[in-house]
Amino acid sequence: MMIQKVFIDTSEIATFGYKPKGEVTEITTNNGMKIFMDIDSTFFCGDVIFSKEQVEDMITPRTRSAAIKSQSRYWPNKSINYILSSGFSSSDIATITNALSDITSHTNIAFHKVNNANKNYILFVCDEDANFSPLGMQKGGNEIHIQPGKQKGIYLHEIMHSLGYFHEFTRTDRDNYVEVFPGLAVDGMQYNFEKYAINYDGYDIGTFDFNSVMMYDSYAFANAIFQQWLNMVQDILWEHS
């Protein structure tokens, strides 16, 4: 971690963020994030205030992931309203509730079920065709599309996207941990394996997590050539087992 003294004209930032008191210290964490501390030991960045524990977590992360940097994509007040569309079975609704509870139990984020909302909400849409979510909070609300009957891990994966998290294998340091073969992916799906830094400004948090819910399996979007090779290997292993 690097620390350096900087001086900020508080009149320039009072209109849109926390107004620091006295001299300000700039802190740059190992992943490049810049936060500030005033003489009252208040940690801040724009209109976001961090606790000492949160700052320590940024410096020596206890979690491992990759997240978007833009503060406009962060959810305010650690509170998110959500709405359920029609089409979900009682089992699906229970799975959604369990997924949200899992996130709450490991974070300081609270989810609240509502019947309608104007902004800053998640709408779960029962979609027969696909699973997808926007990245981070969107103006006008987020739609998370989930196919019926999916397991909790799928819900967790898409919710984490809406919270601003990238796929783990798109981290900037992923080449130190995995080898990616875009040429073996189905045509048109190669973009899924690009590092997030190509399109977004973000952070690698902690070390690479092979068990992350944000990981794909090794055969995701595999093309026919790869599938033929995989079947051949499986046949050989079966014959010699």
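Please treat every number below as a calculation from the coordinates, not as lab data. Keep in mind the model is a prediction, meaning the values are calculated, not measured. Using ideal geometry, Cβ is built from the backbone for each residue, glycine included, and neighbour counts are taken over all protein chains shown.
Computed quantities for the displayed model
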| read-out | value |
| --- | --- |
| In region 135-179, the GluC sites (Glu not before Pro) that fall in loop regions by DSSP, at most 12 other Cβ within 10 Å | Glu179 |
| Contour minus Cα-Cα distance for Lys119 and Thr107 (0.36 nm per residue) | 2.1 nm |
| Unsatisfied cross-links (Cα-Cα over 28 Å) in the set Lys21/Lys52; Lys152/Lys195; Lys113/Lys139; Lys113/Lys150; Lys21/Lys119; Lys78/Lys139 | Lys21/Lys119 |
| Long-range amide H partners of Ile144 with built H, under 5 Å | Leu123, Phe124, Val125 |
| Built amide H within the under 5 Å cut-off of Ile205, gap 5+ | Ser65, Ala66, Ala67 |
| Qualifying trypsin sites (Lys or Arg not before Pro) in region 62-156, DSSP loop, other Cβ atoms within 10 Å at most 11 | Arg62, Lys119, Lys139 |
| Phi-based couplings in Hz for region 173-180 (Karplus 6.51, -1.76, 1.60; Gly and Pro marked x) | 9, 4, 5, 7, 10, 9, 10, 10 |
